[in-house]
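Here is the structure we will look at, set down as structure tokens.
Please treat every number below as a calculation from the coordinates, not as lab data. In this text the structure is predicted, and so the values were computed from the model without any measurement. Counting neighbours? That spans all protein chains shown, and the Cβs are built from the backbone with ideal geometry, glycine included.
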Amino acid sequence: MRVFLLKSRMRNIEVCVSPELIHLFETKGKNVVIVDIFRATSTMMAALANGVESITPVMDLETCRVMGSKGYVIAGERNGLAAEGFELGNSPLAYLNHAYAGKKIAMTTTNGTSAIEKTKSEAHQVLLGAFVNIKATTQYLNDQSQDVLILCAGWKGKFNLEDSLYAGALVSHLHPHFRTDCDSAIALKSLYESNSHRLQIFLGQASHAKRLQNHNIDEDIAFCLSMDLYDIVGLLSGGELIGIQTNDR
């Protein structure tokens, strides 16, 4: 009797280094990981890990303001600064110690919320990428059958260092369970592995880190570069971002 072994399809991973290039990638049916390390996705993960019920990403400030009248706590940031008239800006520290536990947040940021908008219609799932929960995200993606696309939010369409380095870290963490023939994934994996022992020093050179330092928010930067503070993943569900425990699936 012959025995036929059915090999499972090797999953693929790619990295898009800017939302301006997303049209060059196929998003349909993939798990898309949105990355905005300084600070949107790091802040969102801090909020969800500290008991926020959900976060609704919003493209523009005016729509977000209107949601304040519908029972949402509104969070707005532009160019690294809190938007005028908003209760919250884009600092992860504001959510610590369960300060907004049980609340629904409507959030708009310069880069991160726009990146979510560009992929949510066709992706199988949209996840939040952040160093603060990279182990949990790795575990979650390893347990899925879909290909992965990492989308770096960048800075106003430009490549940035911190998002790209996270992308390299996630590619490295998922190796060898995912294959890649994507040059950006290969390059950023190598960049991360060469600098994983000195992330804070290396990313201190990043243009957005310097931009934020000019606003005296060094503590935010340190938080965003902290590894594995949380064991949850952030997922987009019905237009809202929610947090789920990796062992709750």
Cα gyration tensor of the stretch 1-130 diagonalised, 5x eigenvalues square-rooted, in angstrom largest first, produces semi-axes 34, 17, 13
With R₀ set to 25 angstrom, the calculated FRET efficiency between the beta-carbons of LEU21 and ARG78, to the nearest 0.05, is 0.65
Note on the stretch 11-245, DSSP bridge orientation, antiparallel percent to nearest 5 equals 30
FRET efficiency (SER194, ASN142; Cβ distance; R0 25 Å; to 0.05) is 0.60
With the charge dipole of the chain built from beta-carbon charges (+1 for Lys and Arg, -1 for Asp and Glu) about the Cα centre, the Cα from THR63, LEU170, ILE37 projecting farthest to the positive end belongs to LEU170
Set LYS158/LYS189; LYS28/LYS103; LYS118/LYS189; LYS28/LYS156; LYS103/LYS189; LYS70/LYS158, cut-off 30 Å on Cα-Cα distance; pairs above it are LYS28/LYS103; LYS103/LYS189; LYS70/LYS158
Of 22-35, 39-52, ordering from highest average Cβ density within 10 Å down gives 39-52, 22-35
With the stretch 37-111 reduced to its Cα atoms and the Debye formula applied, log10 I(q)/I(0) at q = 0.13, 0.16, 0.28 1/Å amounts to -0.30, -0.46, -1.43
Here P(r) for the chain, Cα-Cα distances in 5 Å bins, as whole percents, is 1, 7, 14, 19, 21, 16, 11, 5, 2, 1, 1, 1, 0, 0, 0
